[in-house]
Amino acid sequence: QGEMVWFDPCNLGYLLPGVVTEYHRSAQVVTIQSAANLTNKPQTFTLTNLSSLRRREDLGKGGVEDMISISDLNEASLLWNLKVRYDGQHIYSYTGNILVSVNPYKM
């Protein structure tokens, strides 16, 4: 419980960030609360395919300024970091010596 994970809720082809709320070892069932908040309501998913779960690194409340320091560097972690930083009104992030900017005037 409390483990941060990446998961694909319905084999959509992309990963969402979440936190494990329940784990039933004997039934091999995990309940995850999504951290993405896609509908502005807490979303909970129950997964039986545990092979689709991956541990997620804690990026902190403000995200990571230089994304090259993210240990699990993948598309989902880069996009999540940009979202976390954007929500904290940080529109500039780095990936090594490359500056990534998120337009604050567009959704």
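The values are calculated or read from the model by the stated rules, or taken from the named source; none is laboratory data. Here the structure is a predicted model, which means the values were calculated and not measured. Here the Cβ is made from the backbone with ideal geometry for all residues, glycine too, and neighbour counts use every protein chain on show. All accessible areas refer to the heavy atoms of the entire protein, side chains included, with ligands and DNA or RNA removed. Shrake-Rupley method; radii C 1.70, N 1.55, O 1.52, S 1.80 Å.
See the values below:
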| read-out | value |
| --- | --- |
| Heavy-atom accessible area order for Phe45, Phe7, largest first, 1.4 Å probe | Phe45, Phe7 |
| Dipole magnitude (debye, nearest 20) for the chain, charges at Cβ of Lys, Arg, Asp, Glu | 240 debye |
| Accessible surface, per residue, of the range 6-91 when the full set of protein chains is kept, probe 1.4 Å, Å² | 62 Å² |
| With Cα atoms, 0 to 90° folded angle of helix 75-87 axis to the chain main axis | 60 degrees |
| Computed over the chain: relative contact order in percent, which uses C-alpha pairs under 8 Å that are six or more apart | 19 percent |
| The chain - percent of accessible surface contributed by carbon and sulfur, probe 1.4 Å | 52 percent |
| Percent breakdown of C-alpha pair distances by 10 Å bin, ordered from the shortest bin, for the chain | 14, 42, 31, 11, 2 |
